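Reviewing the structure listed below.
The values are calculated or read from the model by the stated rules, or taken from the named source; none is laboratory data. These figures come from a predicted structure and were not determined experimentally. When we count neighbours, we look across all protein chains shown, and the Cβ atoms used for this are built from the backbone with ideal geometry, even at glycine. The accessibility values were calculated without ligands, DNA or RNA, using every heavy atom of the protein model including side chains. Shrake-Rupley method; radii C 1.70, N 1.55, O 1.52, S 1.80 Å.
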Amino acid sequence: MYRLKYLRESELLTQQQVAEKIFCSQRTYSYYECGGRDIPTQTLIRLADFYDVSVDYILGRTDNPKTNK
């Protein structure tokens with residue numbers, strides 16, 4: 001999940017700050033970021049909304065960060 005780290009760092013945010021926004025612990029978010037834990041669907045949607053990118057972009061299925069709304 002290198003994209004999560006990239007998105008977070010490009011916004012100059014800490015793991016703790018993002019974790020608070022998506023309602024999880026910093027440790028859990030760290031697992032998401034390093035790929036050590038699968039991201040639940042609802043959390044994945046929260047992350048996509050938070051960063052204003054598509055779920056497919058976070059998952060690495062596309063290089064286009066735009067959402068299809």
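At a glance:
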item	result
Verdict on residue 26 being open to solvent by less than 80 Å² (accessible area, probe 1.4 Å), among the polar types (S, T, N, Q) and modelled with pLDDT of 95 or more	yes
The range 1-21, residues that are open to solvent by less than 70 Å² (accessible area, probe 1.4 Å) and within 9 Å of the chain's Cα centre (by Cα)	3, 4, 7, 8, 18
Tally of residues being outside any helix (DSSP H, G or I), open to solvent by less than 60 Å² (accessible area, probe 1.4 Å) and within 20 Å of residue 14 (Cα to Cα) across the range 37-69	2
Matching entry among 33, 9 (being touching a Phe, Trp or Tyr at 6+ places or on another chain (Cβ under 9 Å) and part of a helix (DSSP H, G or I))	33
